[in-house]
Protein chains: 2
Amino acid sequence: MSEERGRRPGNPQTKDEILEAAIAAFTTQGYAKTTIRGVARAAAVDPALVMHFYGNKDGLFDAAMRGGGMPVNLLLDVIQGDPATLGERLSSRYLSLWEHPLIGRRMSVVMQAATSSPAAADMLREFMTEVVLKPVTEQIQADHPETRALLAASQMIGLAMIRYILRIEPLASLPMEQVAAAVAPNLQRYLTGTLTLDELPR
Amino acid sequence: MSEERGRRPGNPQTKDEILEAAIAAFTTQGYAKTTIRGVARAAAVDPALVMHFYGNKDGLFDAAMRGGGMPVNLLLDVIQGDPATLGERLSSRYLSLWEHPLIGRRMSVVMQAATSSPAAADMLREFMTEVVLKPVTEQIQADHPETRALLAASQMIGLAMIRYILRIEPLASLPMEQVAAAVAPNLQRYLTGTLTLDELPR
């Protein structure tokens, strides 16, 4: 454990600095290329200290996602208000977050991690269920609120794949407002419209 | 170059066998863990022969995707017919393909590759644009057919992320028919409905 520069290993400030270094590493290098050793070097601590605080790379990724790496509050800000226009508010805010250089990069790292590491997929699933979907589900006054929130999430995730990760034209270059307006009614149908989920054979 | 077992390096059969080994490797090990060397070993040829035919790992991935690794024809089968029910046909068929053990695994490898390798993302973009989206776009009689086809694709890709890759409940366990019915009207709106893309500031 590194004691140089007068830092104590158990110092909460050191723990935060490691987390900041991890968020920066995941964001700039991506999930696959980020290592415990590299994060330790960037935070000027011993790799053993990183493992002491976060266990392994996936533990570090989990902490990075929860600890300010993901802009959940900025998305959840818009769920209050008229339920009839929730689709509009969600699609605009979600696209704004992706358009933000730093936040967009962070979200793209999370998508990359979740498709390439089963452990990261587990974490994103838990994170989405507990942190993102639960508050949205609570706003939904219709039948099957969890399924509705997830269908809306599926549209938003897929939109990010096409527009920001694969960057397929013409959708990648379409002005954000036009994309938001095209998608909003579909989100709204999922959130408050008729889904007929019970009328079909299970 | 391996001449053992009486095979000539330039033999089209050998080239096909390498491709089959590549599809199997990408499917079972994923994009990140597949190597030229491993594919060569599985096909019982020299790695140099794999590189001779396919260049590098990304070239091999591209060939695997085009050469029977992706079930494009099975999806495109349903685009003919009444445009008013195209959303239903596409959502049912797309989900059926994901539910198929082998095909689902192949599609999940492609998603994983596209989020973790920029070269694979380039290939998936080109593949989707040329092979998948073009025939769908040609069926669309409304304004902005390319954007409409892409919006529908965004919904389908996101649905696969939530249901088959992240496997978030309750959407992951919902019967396929219910999911298809819930999603179909949204696809249909993208394909033939009102999008007001021109009424917004560009």
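The values are calculated or read from the model by the stated rules, or taken from the named source; none is laboratory data. As the structure is a computational prediction, the values presented were derived from the model and not from experiment. Note: ideal-geometry Cβ built from the backbone for every residue, glycine included; neighbour counts use all protein chains shown.
What the table below lists for this structure:
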{"quantity": "Checklist (1) under 22 Å from A:Leu166 (Cβ atoms); (2) surrounded by fewer than 18 Cβ atoms within 10 Å (Cβ to Cβ); (3) touching a residue at least 12 places away in the same chain (Cβ under 8 Å) applied to B:Asp46, failing item", "calculated": "(1)"}
{"quantity": "Selection status of B:Ser108, part of a helix (DSSP H, G or I), within 12 Å of chain A (Cβ to nearest Cβ), within 26 Å of B:Met176 (Cβ to Cβ) and under 19 Å from the mean Cα position of the chain (by Cα)", "calculated": "yes"}
{"quantity": "Residue satisfying condition, being of a type in the set (Lys, Arg), touching a residue at least 24 places away in the same chain (Cβ under 8 Å) and facing chain A (nearest Cβ under 10 Å), within set B:Arg189, B:Arg167", "calculated": "B:Arg189"}
{"quantity": "Residue match in the range B:117-133 (condition: of a type in the set (Ser, Thr, Tyr), surrounded by 16 or more Cβ atoms within 10 Å (Cβ to Cβ) and out of contact with any Leu (no Cβ under 7 Å at 6 or more places or on another chain))", "calculated": "yes"}
{"quantity": "Residue list for the range B:148-164, restricted to those being over 13 Å from the mean Cα position of the chain (by Cα), more than 7 Å from every other protein chain (Cβ to nearest Cβ) and farther than 16 Å from A:Leu174 by Cβ", "calculated": "B:Arg163, B:Tyr164"}
{"quantity": "Failed item in (1) touching a residue at least 12 places away in the same chain (Cβ under 8 Å); (2) touching a Lys or Arg at 6+ places or on another chain (Cβ under 7 Å); (3) closer than 23 Å to A:Ala180 by Cα, with A:Thr27 passing the rest", "calculated": "(3)"}
{"quantity": "Answer from A:Thr115, A:Thr137 - the residue that is more than 23 Å from B:Leu195 (Cβ to Cβ), at the interface with another protein chain (Cβ under 7 Å from one of its Cβ atoms) and free of Cβ contacts under 8 Å to residues at least 40 places away in the same chain", "calculated": "A:Thr115"}
{"quantity": "Test: residue in the range A:187-199 that is of a type in the set (D, E, K, R), under 23 Å from B:Leu174 (Cα atoms) and at pLDDT 90 or above", "calculated": "yes"}
{"quantity": "Every residue from the range A:170-182 that is buried (at least 16 other Cβ atoms within 10 Å of the Cβ) and more than 7 Å from chain B (Cβ to nearest Cβ)", "calculated": "A:Val179, A:Ala180"}
{"quantity": "Helices (runs of 4 or more DSSP H) wholly inside the range A:1-88 containing at least 2 residues that are at pLDDT below 90", "calculated": "A:12-33, A:57-64, A:72-76"}
